[in-house]
Amino acid sequence: ARGGVEEKVVYNADDSVRLNVAEKKVYLYGNAVVVYGDMTLVAAYIEVDFGTNDLHAVGAKDSTGKSIGKPVFKSEGKEYTADEMWYNFKSKKGVSSGVLTTESDGFVRGEKFLRDSMNNIYVKNATFTTCRSPEPHFWIKADKFKIVGKKQVVSGPANLVIEGVKTPLFVPFAFFPISKGRSKGLVFGNY
């Protein structure tokens, strides 16, 4: 592909692949897959715009109304699952909504994720937990998280939530080390 993309873009879909040459777009339906370098994106529907180097991916609903084919983005050994995802090949920046990702032994969920070109991730309305249950029993809740490289999660004001109930434990900021090979735990800030 041309237009600033440096590596070959490989794409496929189970149901159909529709190409619009005039708009420089490809529409992928049903278990759609796009591979670009070490990045792989799988979703029920993916739109690729070669004019702007943008990807847009969303899931679908089955006949019972259950969500299927949510976008799954894999890059540099990390995996992110989202309700909806936008990504630019050239800038390597992306925005996602309704995201779940695994960071070392913890899980980060958020309403919206923004990934910059330095691989830092900014999360809005975020939670962090080490509870492996699909419905976590406890978590740290904050308006914003920043995942710095593959080293740590940094939060603004945060609150501990247990069984869905906010506790009086409130901190102005917190650090969650996520590097492999390091000790894991929470480091809370003080005034």
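The values are calculated or read from the model by the stated rules, or taken from the named source; none is laboratory data. In this text, all values refer to a predicted model and were calculated from it rather than measured experimentally. Note: ideal-geometry Cβ built from the backbone for every residue, glycine included; neighbour counts use all protein chains shown. For accessibility, only protein heavy atoms count, side chains too; no ligands or nucleic acids. Shrake-Rupley method; radii C 1.70, N 1.55, O 1.52, S 1.80 Å.
In this entry, the stretch 21-88 is assigned a mean projected area of 4.9 nm², taken as a quarter of its C-alpha convex hull surface. Charged side chains reduced to their Cβ positions (Lys and Arg at +1, Asp and Glu at -1) give the chain a dipole of some 540 debye around its Cα centre. Highest GNM mean-square fluctuation among LYS66, LYS166, LYS90, for the chain modelled with Cα contacts below 10 Å: LYS66. Given a 1.4 Å probe and the protein chains as shown, ARG18 ends up with an accessible area of around 120 Å². Full extension of the chain between VAL148 and ASN31 yields a length gain of 39.0 nm, computed as 0.36 nm times the residue separation minus the alpha carbon distance. Taking the chain as a Gaussian network, where each spring joins two C-alpha atoms under 10 Å apart, which residue of LEU169, LEU19, LEU41 fluctuates the most? Top of the fluctuation ranking is LEU169. Evaluated at q = 0.10, 0.11, 0.12, 0.19 Å⁻¹, the base-10 log of the normalised Debye intensity for the chain, with identical point scatterers placed on the Cα atoms, takes the values -0.46, -0.55, -0.64, -1.25.
Build a GNM of the chain with springs between Cα atoms under 10 Å apart, and of PRO134, PRO168, PRO157 the one that fluctuates most is PRO134.
Dipole orientation for the chain: of the candidates PHE170, ASN20, LEU41, PHE170 has the Cα lying most toward the positive pole (charges on Cβ; Lys, Arg +1; Asp, Glu -1).
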